[in-house]
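Below is one structure; the comments refer to it alone.
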Amino acid sequence: MHGAPCPLTAETTAPVPSAARAFLAFLEPRDPPSARKVRAVIAHGLCGLSLDLPAISGETNRYTLRPKGIVLCACESWPALLHAVGLALGTGNSVLVLAPDPAVEWLRQVSRQLANLITRVNPGALPECDVMLIQRGAETAEQAALTITAREGRVVPVYDLDTVQPEWLLSEVVTTFNHAAIGADLALVAGS
């Protein structure tokens, strides 16, 4: 996505993930102003987007955007948490929530579908995640970010909720299929 001539046009958008639609349906009767904000957050149409790329004769190249996996949303306020969860679900990811009790009361009321995708975590026992979203200035969130980034192994990106873009929660995948090698020269398939 770096340097891409985005935004992608409306004709190429992918459907909103079902969990994001369920989250929006849950919010609409309970908090209409927050539901409007979440609707704007999930309207990007990037998750699952698949485009054909230019290719030489006998080859197919397919570009796809897929969810990163598990997003840890560390926030202190209700609006920030809804924004983070909406962004994570809107990009097809599962959600871990690190927030104080008042901000997560709503978790007890979500559907089974959402409960399977949104899990509250303890700051003292942070599980592995693929991406972290933090509310700037939230002390618990910033401490959790230090814990996550100090771990050995792979690098987990940490994004400020005020500046994160939906595409940062997606992985770019390009699949190339060489039809000519399969149909024309079996030595190419065998690697000789």
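Residue count for the stretch 55-86 under the criterion of being open to solvent by 40 Å² or more (accessible area, probe 1.4 Å), of a type in the set (A, V, I, L, M, F, W, C) and either part of a loop (DSSP other than H, G, I, E, B) or touching a Gly at 6+ places or on another chain (Cβ under 8 Å) (or both): the result is 2.
Quick check on the stretch 89-109. Is at least one of its residues at pLDDT 90 or above and more than 30 Å from residue 29 (Cα to Cα)? Checked against the condition, which is being at pLDDT 90 or above and more than 30 Å from residue 29 (Cα to Cα), the stretch 89-109 yields no hits at all.
In the stretch 125-135, is there at least one residue being at pLDDT below 90, out of contact with any helix residue (DSSP H, G or I) (no Cβ under 9 Å at 6 or more places or on another chain) and under 14 Å from residue 72 (Cα atoms)? The answer is yes, given that some residue of the stretch 125-135 is at pLDDT below 90, out of contact with any helix residue (DSSP H, G or I) (no Cβ under 9 Å at 6 or more places or on another chain) and under 14 Å from residue 72 (Cα atoms).
Applying a threshold of 9 Å to beta carbon distances and a minimum spacing of six or more residues, or different chains, the list of pairs starting in the stretch 18-38 at a residue that is within 12 Å of residue 111 (Cα to Cα) and ending at one that is open to solvent by less than 20 Å² (accessible area, probe 1.4 Å) and among the aromatic types (Phe, Trp, Tyr) reads 26/106; 27/106.
The number of residues in the stretch 136-178 being part of a strand (DSSP E or B) and of a type in the set (Val, Ile, Thr) comes to 5.
In the stretch 30-54, of all residues being part of a helix (DSSP H, G or I) and open to solvent by 30 Å² or more (accessible area, probe 1.4 Å), the one that is farthest from residue 149 (Cα to Cα) corresponds to 32.
The values are calculated or read from the model by the stated rules, or taken from the named source; none is laboratory data. All of these numbers come straight from a predicted model, not from anything done at the bench. Neighbour counts are summed over all protein chains in view; Cβ atoms, including those assigned to glycine, are modelled from backbone coordinates with ideal geometry. Just the protein is used for accessible areas: all its heavy atoms, side chains included, with ligands, DNA and RNA removed. Shrake-Rupley method; radii C 1.70, N 1.55, O 1.52, S 1.80 Å.
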